[in-house]
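*Asks:* So that we are looking at the same thing, I have put the structure below in structure tokens.
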Amino acid sequence: MPAVLETKNLTFIYGGNGPFRKTAVSDVNISIEKGEFIGVIGHTGSGKSTLIQQLNGLLRPTSGTILLNGKDIWAEPKKIRQVRFQVGMVFQYPEHQLFEETVLRDICFGPGNMGLAPEEIQRRAYEAADFVGLKRELLEKSPFELSGGEKRRVAIAGVIAMDPDVLILDEPTAGLDPHGRDVLLAQIQNYHQRRKNTIVLVSHSMEDIARVADRILVMNHGQAAMFDTTEKVFARGDELESMGLRVPQITKIMQILQRDGYPVGNGVLTMEQAIRQLAPLLKSRGCIHAQ
């Protein structure tokens with residue numbers, strides 16, 4: 001598959017040559033294929049946010065190159081706005097940016113800036129609302145009348161309505177209760193499966209990343225410490241812990257069982273996978289009975 005996003009020796013330094021100079025991203029080389037679901041993890045200050053803000057042109061690299069479908073996004077600086085239509089960004093707590101009188105108008109704002117026909121803007125807005133599970137009766141309400149989870153979905157729908165090739169989500173489930181987190185993550189998965197576009201998800205939740213990501217980028221002190229399949233990254237639990245990270249809890253439990261001699265396999269990332277492996281073992285030992 002061809003790369004939709006690629007970075008070459010990407011570096012970003014805050015503070016120029018002043019006394020507070022800080023290298024936030026250092027010599028990052030990654031290639032993301034079309035249709036992939038990429039998870040991005042790293043401790044606070046690891047460079048995650050600085051990296052993703054360069055991917056859609058919000059920050060211009062100090063050095064290095066970002067290629068979108070093979071083209072340097074800064075080759076024509078006056079056209080960087082077009083890049084942001086192709087690489088959509090959903091910031092953490094995006095509901096704080098809602099401002100229109102109705103939910104529908106807020107969702108229409110992004111595609112409206114693209115110069116589309118009114119009919120196309122409306123079509124995209126309704127489709128985006130469906131993707132994130134917003135009921136039609138909510139569309140004529142003020143966004144400020146909605147619950148926290150509903151506001152979050154409105155903000156995400158506003159970016160989805162621009163139909164970006166790449167959707168970047170920075171901690172989209174932050175601050176939501178467990179049910180709200182599960183619902184939103186399932187809707188993002190559904191959107192990805194139906195649209196077949198590329199998603200980059202930044203999250204502190206290892207469980208969320210384990211459930212959805214094809215590959216994981218691990219940022220550490222501004223560098224790409226790992227970039228591999230989800231199973232291979234979480235198999236390196238000791239290295240992750242040395243960076244202040246951890247593997248999903250269920251993965252850790254299964255690794256302990258394996259070390260203790262139980263016949264369980266590697267690469268268990270979710271509760272569902274663990275149950276599939278443990279059920280035959282428990283049944284053979286008489287701990288559960290066939291239904």
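*Asks:* How many residues does the stretch 125-159 hold that are of a type in the set (D, E, K, R) and either modelled with pLDDT under 90 or part of a loop (DSSP other than H, G, I, E, B) (or both)?
*Replies:* The total comes to 3.
*Asks:* In addition: Go through the stretch 193-224 residue by residue and tally those that are more than 16 Å from T44 (Cα to Cα) and among the hydroxyl-bearing types (S, T, Y).
*Replies:* The number of residues fulfilling the criteria is 1.
*Asks:* Provide a single number: the residues in the stretch 238-255 that are more than 15 Å from M219 (Cα to Cα) and in a helix (DSSP H, G or I).
*Replies:* Of the residues in the stretch 238-255, 8 are more than 15 Å from M219 (Cα to Cα) and in a helix (DSSP H, G or I).
*Asks:* A further question on this structure: Select from the stretch 132-149 the residues that are surrounded by fewer than 20 Cβ atoms within 10 Å (Cβ to Cβ) and under 22 Å from R195 (Cα atoms) and list them in ascending order.
*Replies:* The answer is G133, K135, R136.
*Asks:* Run down T230, T173 and say which single residue is touching a Lys or Arg at 6+ places or on another chain (Cβ under 8 Å), hydroxyl-bearing (S, T, Y) and more than 20 Å from Q273 (Cα to Cα).
*Replies:* Result: T173 is the single residue among T230, T173 that is touching a Lys or Arg at 6+ places or on another chain (Cβ under 8 Å), hydroxyl-bearing (S, T, Y) and more than 20 Å from Q273 (Cα to Cα).
*Asks:* Continuing with this model, one more query. Among (1) over 17 Å from the mean Cα position of the chain (by Cα); (2) of a type in the set (V, I, T); (3) under 25 Å from I168 (Cβ atoms), which single condition is V233 missing?
*Replies:* (1)
*Asks:* Give me the pairs: first residue in the stretch 59-74 and under 20 Å from S26 (Cβ atoms) and free of Cβ contacts under 8 Å to residues at least 40 places away in the same chain, second residue loosely packed, with under 15 Cβ neighbours inside 10 Å and basic (K, R), beta-carbon distance under 9 Å, and six or more apart or on different chains, which are they?
*Replies:* Listed by first residue and then by second, the contacts come to I73/K79; W74/R60.
*Asks:* Residues that are touching a residue at least 60 places away in the same chain (Cβ under 8 Å), surrounded by 17 or more Cβ atoms within 10 Å (Cβ to Cβ) and not charged (D, E, K, R): does the stretch 273-291 have at least one?
*Replies:* no
*Asks:* So is L167 among the aliphatic types (A, V, I, L, M) and free of Cβ contacts under 8 Å to residues at least 40 places away in the same chain or not?
*Replies:* When the stated conditions are applied, L167 does not pass them.
*Asks:* Checking the structure you have, find out if any residue of the stretch 8-20 is over 26 Å from N220 (Cα atoms) and surrounded by 14 or more Cβ atoms within 10 Å (Cβ to Cβ).
*Replies:* Checked the stretch 8-20: no residue is over 26 Å from N220 (Cα atoms) and surrounded by 14 or more Cβ atoms within 10 Å (Cβ to Cβ).
*Asks:* Scanning the stretch 160-191 for residues that are touching a Phe, Trp or Tyr at 6+ places or on another chain (Cβ under 6 Å) and outside any loop (DSSP other than H, G, I, E, B), which turns out surrounded by the most Cβ atoms within 10 Å (Cβ to Cβ)?
*Replies:* I160
*Asks:* For the stretch 262-270, indicate whether the set of residues that are touching a residue at least 40 places away in the same chain (Cβ under 8 Å), surrounded by fewer than 13 Cβ atoms within 10 Å (Cβ to Cβ) and closer than 16 Å to S205 by Cα is non-empty.
*Replies:* No - not one qualifying residue is present in the stretch 262-270.
*Asks:* Being of a type in the set (V, I, T) and either outside the structural domain of L134 (by TED's automatic domain parsing) or within 20 Å of K151 (Cβ to Cβ) (or both) is the requirement here; does V202 meet it?
*Replies:* Here the answer is yes, as V202 does meet what is asked.
*Asks:* Another question, if that's okay. Can you tell me which residues in the stretch 192-228 are in a loop (DSSP other than H, G, I, E, B) and under 19 Å from L269 (Cα atoms)?
*Replies:* S203, H204, S205, A213, D214
The values are calculated or read from the model by the stated rules, or taken from the named source; none is laboratory data. Just so it is clear, the structure is predicted and the values come from calculations on it, not from any experiment. Note that we place each Cβ from the backbone using ideal geometry, even for glycine, and neighbour counts take in every protein chain shown.
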